[in-house]
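Read the figures in this text as sums done on the coordinates, not as results from a lab. Because the structure is predicted, anything quoted here is derived from the model rather than measured. All Cβ positions, glycine included, derive from the backbone under ideal geometry; neighbour counts span all protein chains shown.
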């Protein structure tokens, strides 16, 4: 069965996130590369032979972006025909949120991200495949740090570059 005949696919990926802060808040020097990890669940639907849309559910922790946070968003990809390869390029956007405690301190964050990505599927069988992806994103995060007697607003701006690998099952 060809990729265009399979309408729905589900991917589970994990990988590294490289991050370069735009601002120099709290010792994060501009052009300094920070690293992190992420896990992504990405159900997609092929609504045309060359177009694909999906729901992005991601958990990420990057050292310069105040700790772990979740992202819920969407992707829109266009298929790129190159020989027999299954390649997609597109855009992604989402809302991010975090709420966690460290000792007696509490941090809440909200924000958004948007960017571009490229995906490649290496077929292993008629349904299973290896899903490789990479991208570039702009992240804007507004954080409120609550301590014993204070509330400190902090804003993070960064470029993130996720590189992920995972498995994909197409229905």
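General remarks:
- Residue 125-residue 171 FRET efficiency (beta carbon distance; Förster radius 22 Å; 0.05 resolution): 0.95
- Inter-probe distance in nm under a simple model that places probes 7 Å from Cα toward Cβ, at residue 110 and residue 163: 3.5
- Largest mean-square fluctuation among 77, 38, 149, in a Gaussian network model of the chain whose springs join Cα atoms under 10 Å apart, belongs to 149.
- Order of 69, 18 - criterion: other Cβ atoms within 10 Å of each residue's Cβ, fewest first: 18, 69
- Each of 11, 147 has some number of other Cβ atoms within 10 Å of its Cβ, and from fewest to most they run 147, 11.
- GNM top mover of 150, 125, 109 - the chain, alpha-carbon springs below 10 Å: 150
- Spin-label pair residue 47/residue 85, simplified geometry with 7 Å Cα→Cβ offset, distance in nm: 2.7
- FRET efficiency for residue 146 and residue 59, using Cβ-Cβ distance with R0 set to 35 Å, rounded to 0.05: 0.95
- Net lengthening on full extension, residue 78/residue 97 (0.36 nm per residue, minus Cα-Cα): 4.0 nm
- Proxy reagent accessibility, fewest Cβ within 10 Å first, across 121, 102, 163: 102, 163, 121
- From the coordinates shown, percent of Cα pairs over 29 Å apart corresponds to which of [x] 15; [y] 19; [z] 27: [z]
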